[in-house]
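Novice: I have a structure I would like to understand better, so I am pasting it below and will then ask my questions one at a time.
The values are calculated or read from the model by the stated rules, or taken from the named source; none is laboratory data. The model shown is predicted, which means the values in this text are computed figures rather than measured ones. Ideal geometry is used to build each Cβ from the backbone, glycine not excepted, and the neighbour counts take in all protein chains shown. Remember, those area values only see protein heavy atoms, side chains included, never the ligands or the DNA or RNA. Shrake-Rupley method; radii C 1.70, N 1.55, O 1.52, S 1.80 Å.
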Amino acid sequence: EATFVARTVDSDRKHLTEVLRAAADHQGTALVEIYQNCNIFNDGAFEVLKDSTQAQEAVIRLEHGQPIRFGADGHKGVVRDQATGELEAVTVTPENESRILVHDAHAAGPTTAFALSRLADPHTLHQTPIGVFRSVERPVYDTLMAEQLERAVDAKGKGDLSTLLAGTDTWTVVG
């Protein structure tokens, strides 16, 4: 149910900047997963996503309102399996071209965004989506809290702290 979720790669400065700017502009909490190389713990783990030749086949760039296609010439795409509802990457043919999903980052439900986030092969990182998975508008906590306080003041008037502390149940301890 997160309202902003995205993924990017540290070495793609343009994409990284776009994703971080969108996250910063988002009203509310934003979650951004950044695939980042670490020379000690995972050196070279994301090379398939960074190498320009391999990345054409491995990376699925998500763009709101665009068909989810990838590969050097867009010959692969993402469809929903009609039997299971799961997403899968397929070679685009005239028979399945109409089934290629159009990315909707503003969809009310998180189901497709979650399914896209899990599309990557965990061993090879092929068909890894990057970009904004989800960006929806919902009231944020501090706005809701401010509105609640305003309603309370309208209904009961502005409070008085000393009256609240003294209250009507007071006593004096002698002794």
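Novice: Relative contact order (percent) for segment 29-153, with alpha-carbon contacts under 8 angstrom and 6 or more residues of separation?
Specialist: About 23 percent, as a whole number.
Novice: Report, for the chain, the % of DSSP beta bridges that are antiparallel, rounded to 5.
Specialist: So the antiparallel bridges in the chain amount to around 60 percent.
Novice: Right, another one. How large, in percent, is the carbon and sulfur part of the accessible surface of the chain at a probe radius of 1.4 Å?
Specialist: 53
Novice: I'd like the distance between the alpha-carbon centres of segment 59-105 and segment 120-169, rounded to an integer number of Å.
Specialist: 35
Novice: Of Ala30, Ala152, Ala120, which is the most mobile in a GNM of the chain whose springs link Cα atoms less than 10 angstrom apart?
Specialist: Looking only at Ala30, Ala152, Ala120, the biggest GNM fluctuation is shown by Ala152.
Novice: Given the rule -39500 (n - 2.57) for each run of at least 4 DSSP H residues, summed and divided by the residues of the chain, what is its mean residue ellipticity at 222 nm, to the nearest 500 deg cm²/dmol?
Specialist: It lands at -8500 deg cm²/dmol.
Novice: A further question on this structure: Any idea what % of Cα-Cα pairs in the chain are farther than 23 Å?
Specialist: Cα-Cα pairs of the chain separated by over 23 Å account for 54 percent.
Novice: Rounded if a/c is under 1.5, else prolate if a/b beats b/c, else oblate: with a ≥ b ≥ c from the C-alpha gyration tensor eigenvalues square-rooted, which is segment 14-56?
Specialist: Oblate, since a/c reaches 1.5 and b/c is not below a/b.
Novice: How far is helix 13-25 tilted off the main Cα axis of the chain, in degrees rounded to 10, range 0 to 90?
Specialist: For helix 13-25, the angle is close to 30 degrees.
Novice: Which of the GluC sites (Glu not before Pro) found in segment 59-107 are in a DSSP loop and have at most 15 neighbouring Cβ atoms, other than their own, within 10 Å?
Specialist: Loop-located and lightly packed - Glu63, Glu86, Glu95.
Novice: Now for a separate question. For segment 1-89, what is the accessible area per residue in Å², given a 1.4 Å probe and the full set of protein chains?
Specialist: Roughly 61 Å² per residue, with all protein chains present.
Novice: If you fit an axis through the alpha-carbon atoms of helix 141-156 and take the longest principal axis of the Cα set of the chain, what angle between them do you get, 0 to 90°, nearest 10?
Specialist: 30
Novice: Further, regarding this structure: For the chain, set up a GNM with springs between Cα atoms under 10 Å and report which of Gly71, Gly157, Gly44 has the largest fluctuation.
Specialist: Maximum among the listed residues: Gly157.
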